[in-house]
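Read through the structure below, which is laid out as structure tokens, and then see the notes.
No lab work stands behind these numbers, since they all come straight from the coordinates. This structure is a prediction, so every number in the text was calculated from the model and none was measured. Backbone-built Cβ (ideal geometry, glycine too); neighbour counts: all protein chains shown.
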Amino acid sequence: MSKNYNMSTYSFTQKDAPLFENFLHYSRKGMAAFHTPGHRGGRGCEDLFRSLGGEFLRLDLTELKGANLDQDPDFLIKKAEELAAEAFGAKQSYFLVNGASIGIMAALLALKGLGKEILIARNCHLSVINGLILSGLKPVFISPTWVEGLPCLPSLAVVTNALKDYPDAAGVFLTNPGYHGIYGPLGEIAKLCKAKKVPLLLDEAHGGYLKYINNRIEEASTVDADLWVWGTHKMMGSLTQTGMLHLGSGFQNREKLEDALELLSSTSPSYLLLASLDSARRQLYLNGRAMFTRAAELSEIVRQEIINLPGLKLIENCYLPTGYGVDPTKIILSLAPVGWSGIKVEEILRQKYLIQPEYADRDYVYIFVSYAQERKEVCSLIQALTNLATTAGPDCDRGRIHPPPWNRQPLQLSPSEAVNKPVTYLNLQEVTGKIAAGWVAAYPPGIPLWVPGEQISSAMVEWLISFQRQGGYIRGLKKNQVKVIQ
């Protein structure tokens, strides 16, 4: 860090973490605190919590002028965000301490008034639906590409046809990579949106780091998307509940976006979380390639050891259409050929082998390999999967994978209209043909089965009941009842 005393400005480089470092320096000054928070650097916390938190708790500070180099309370946040934009190829970046979800909701609020409809890939996250409720926009869902029962980025043809039908759409909102770890070809879609002058927004919560592994993989920053959101805490090294929102060169609604972020954000953001974002940005800029090369190499070790196991199916790039690929740090596998459901495999890995996968469903187990993984953990995983693949499981249903039966019909009402109607709660067996007043989703991954304003089909109900019987968890029900419009 350097200071130009003539202009009273500070200059920071990518080797600095100004917010993190200055708050750390302030916390070590021994200041007598007569301000919030009241735990006084951890002294006032419960004994066990204090003993575990140590110096970390002293970073839990608030907007203090002294910690901001005697500048405005937002000074270091803005400087840290400027460094993030420079590091990640954005025109402007924003730190998020309410997760990527708040960035997605703010993005949709920023488009309010640009058009009545917005084109949205159907494999969107719940936060997209919440953003639609707040913004009043009506979604026109477009079909994802399906690969081995997993939803991925819609094809160029699908997006092209949707824009022909809705040329005045407020924007195109896509998810890439998907939660399961499959990415698709963004470049041509981005060119199409530019040509049509329609904003391209991307939920990149489970990506952002693929360029460190292979710079030929197309990500939001490399195709100059208008806006993209990262769940930085997921695999990029910041603390849970942190994320970033990035703007490309073409985004035209910056003021509305900032208003939306201010509306949705806490007025008392956690500086501990903000500091973790600042630190993660520096680490990614300086060491990102080494970090994610290591993660990909560890993942490849697992793949090579399990790929030829007779009872195991591994999703690889050869199964995918041209331009699509599996995130090299993520492993998608099935032991269904020897009778194990994904949910049962997850349970055994967790309870018997003390291995916790990211997620499992009826068919697959999803394993996310980190740059911080220890080799002994990788060896334990290989041994556990080998044992399971060579042991017959109890499940006899080895039929084809059945994706969620999403409704292909337009919504009866916008989500915003639907949640403001009088509602009632009905049992699952009674809701076929009713209009939903809330969303319901398998969680994880948090992709809605139905959304407010959508007519519930019998196939949806059957799929949900079957998923529950298999041990899956459903969010959006209240005492196993469904909220519908009266």
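On the basis of the beta-carbon distance and an R0 of 51 Å, Asp74 and Ser51 show a calculated FRET efficiency of 0.95. Karplus-derived 3J(HN,Hα) values for the range 321-336, using 6.51 cos²θ - 1.76 cosθ + 1.60 with θ = phi - 60°, are x, 4, x, 9, x, 8, 3, x, 8, 10, 10, 10, 9, 10, 10, 4 Hz; glycine and proline are entered as x.
Is the range 2-68 best put as rounded, prolate or oblate by its Cα gyration tensor, with a ≥ b ≥ c the root eigenvalues, rounded for a/c under 1.5, and otherwise prolate when a/b is larger than b/c, oblate when not? Verdict is prolate for the range 2-68. Across the chain, Cα pairs under 8 Å and at least six residues apart give a relative contact order of 14 percent. Pairs Lys112/Lys191; Lys138/Lys197; Lys91/Lys116; Lys256/Lys483; Lys79/Lys234: which exceed 29 Å Cα-Cα? Listed pairs above 29 Å: Lys256/Lys483.
Anisotropy class assigned to the range 375-486 is prolate, per the alpha carbon gyration tensor with a/c at or over the 1.5 cut-off and a/b larger than b/c.
Placing +1 on the Cβ of every Lys and Arg and -1 on the Cβ of every Asp and Glu, with nothing else charged, gives the chain a dipole about its Cα centre of roughly 260 debye. Other residues with beta-carbon under 15 Å from the beta-carbon of Glu297 carry, at +1 per Lys or Arg and -1 per Asp or Glu, a net charge of 0.
Full extension of the chain segment joining Asn480 with Ser380 gains 32.2 nm, where the gain is 0.36 nm per residue of separation less the Cα-Cα distance. The C-alpha atoms of the chain define a longest principal axis, and helix 126-135 lies at about 70 degrees to it. Between amide H atoms placed 1.01 Å from N, distances below 5 Å from Leu227 occur with Leu200, Leu202, Gly248, all of them 5 or more places distant or on a separate chain. Extending 7 Å from Cα along the Cβ direction at Cys318 and again at Glu300 yields two label points whose distance is 1.7 nm.
Working ranking of peptides 220-227, 189-196 by packing, defined as the average number of other Cβ atoms within 10 Å per residue, highest first, is 220-227, 189-196. Which residues does the label zone of Ser265 cover in the range 11-55, counting backbone N under 17 Å from a point 7 Å along Cα→Cβ? Output list for this probe position: 18-20. Measuring r between the beta carbons of Gln468 and Thr390 and using R0 = 45 Å, the FRET efficiency lands at 0.90. The H on the amide N of Thr145, modeled in the peptide plane, is under 5 Å from the matching H of Cys152, Leu153, Ser155, each at least 5 residues off or on a different chain. Our coupling estimate for the range 9-21, obtained by passing each phi through the Karplus curve with A = 6.51, B = -1.76, C = 1.60 and θ = phi - 60°, is 10, 9, 10, 10, 10, 5, 7, 9, 10, x, 5, 4, 5 Hz, Gly and Pro reported as x.
The calculated FRET efficiency for the pair Lys65 and Asn287, based on their C-beta separation and a Förster distance of 41 Å, comes to about 0.80. Since only Gly171, Leu335, Phe368 are under comparison, the one whose Cα sits farthest along the positive direction of the charge dipole of the chain, derived from C-beta charges on Lys, Arg, Asp and Glu, is Leu335. Taking a ≥ b ≥ c as the square roots of the eigenvalues of the Cα gyration tensor of the range 292-389, is the shape rounded (a/c under 1.5), prolate (a/b larger than b/c) or oblate? Oblate, because a/c is 1.5 or more while a/b does not exceed b/c. Compared with the direct C-alpha span, the chain from Asn427 to Thr36 gains 136.1 nm at full extension, assuming 0.36 nm per residue. The stretch between Gln356 and Ser416, if pulled fully straight at 0.36 nm per residue, gains 17.8 nm over its current Cα-Cα span. Counting only alpha carbon atoms, the long axis of helix 458-469 and the longest principal axis of the chain meet at about 70°.
For the range 419-463, the residues whose amide N sits under 18 Å from a probe point set 7 Å from the Cα of Lys116 along the beta carbon direction are 419, 453-454. Extending 7 Å from the Cα toward the beta-carbon at both Gln252 and Arg408 defines two label points whose distance is 3.4 nm.
Of all beta bridges that DSSP places with both ends in the range 89-268, some 45 percent have antiparallel geometry. Ordering 376-383, 412-419, 49-56 by mean Cβ neighbour count within 10 Å, with the highest value first, yields 412-419, 376-383, 49-56.
Can you say what percent of the DSSP beta bridges in the chain, counting only those with both residues inside, are antiparallel? Round to 5. So the antiparallel bridges in the chain amount to around 75 percent. With angles folded into 0 to 90 degrees, how steeply does helix 375-389 sit against the dominant principal axis of the chain? Use alpha carbons for both and round to 10. Value to nearest ten degrees: 10.
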